[in-house]
Amino acid sequence: MARLRAALELAGADPVQGALADLFSRFGAPHAALKRSALELAKKRLSAHAVRWFEAQTGQAPLPAINPLATRWSVLAHPSADISTRARRCSADDSRLLAGQALLAFEAGDATAQNEFLHHCVTCHDNLAFMLARRALRKSGAVLPDDWEAVSLQLEQLREAT
């Protein structure tokens, strides 16, 4: 619980989910009350689907050491391979941050930073960052260069392949 409280002091959802996944990987059904109270502390910082997954596990046996609820912030548990490539390589928090940085790079006309962002999106299969940045740019009326469309097609192909 102390680790979860410390994670709640950090920005983003990943540290909180990682600490909670560790707790759930060590405690089983006899500790359902502990798991429920930990989840209650963390609930506001987690995505709705993560909350549902954890809720379903509160009265169950400990999560396996390798599970889809673990994050790179987990110490005792490890993320399973059946999560998305993006989730294994970067968190949703990272994707949002990168999308914001890409918007600033676009507004500043920084082609190098934009290319690094696009390279990240393709390399890490980061559809989330790309979608957030592209949607914000289109909403602002920006005309996207051809390389943005090329990355969009690449990400679409990667999605279809998986």
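The values are calculated or read from the model by the stated rules, or taken from the named source; none is laboratory data. Remember, it's a predicted structure, so these values are computed and weren't measured experimentally. Counting neighbours? That spans all protein chains shown, and the Cβs are built from the backbone with ideal geometry, glycine included. The protein model used for the area step is the full one, side chains on, heavy atoms only, and it has no ligands, DNA or RNA in it. Shrake-Rupley method; radii C 1.70, N 1.55, O 1.52, S 1.80 Å.
Listed by position, the helices (runs of 4 or more DSSP H) enclosed by the stretch 7-105 that each have at least 1 residues that are open to solvent by 10 Å² or more (accessible area, probe 1.4 Å) and modelled with pLDDT of 90 or more are 14-26, 32-42, 48-57. Evaluation of Ala161 against the conditions (1) of a type outside the set (Ser, Thr, Tyr); (2) closer than 30 Å to Trp73 by Cα; (3) surrounded by 15 or more Cβ atoms within 10 Å (Cβ to Cβ) shows that the sole unmet condition is (3). Sort through Val143, Val122 and tell me the only one that's open to solvent by 30 Å² or more (accessible area, probe 1.4 Å), assigned to a helix (DSSP H, G or I) and among the β-branched types (Val, Ile, Thr). Sole residue among the options that is open to solvent by 30 Å² or more (accessible area, probe 1.4 Å), assigned to a helix (DSSP H, G or I) and among the β-branched types (Val, Ile, Thr): Val122.
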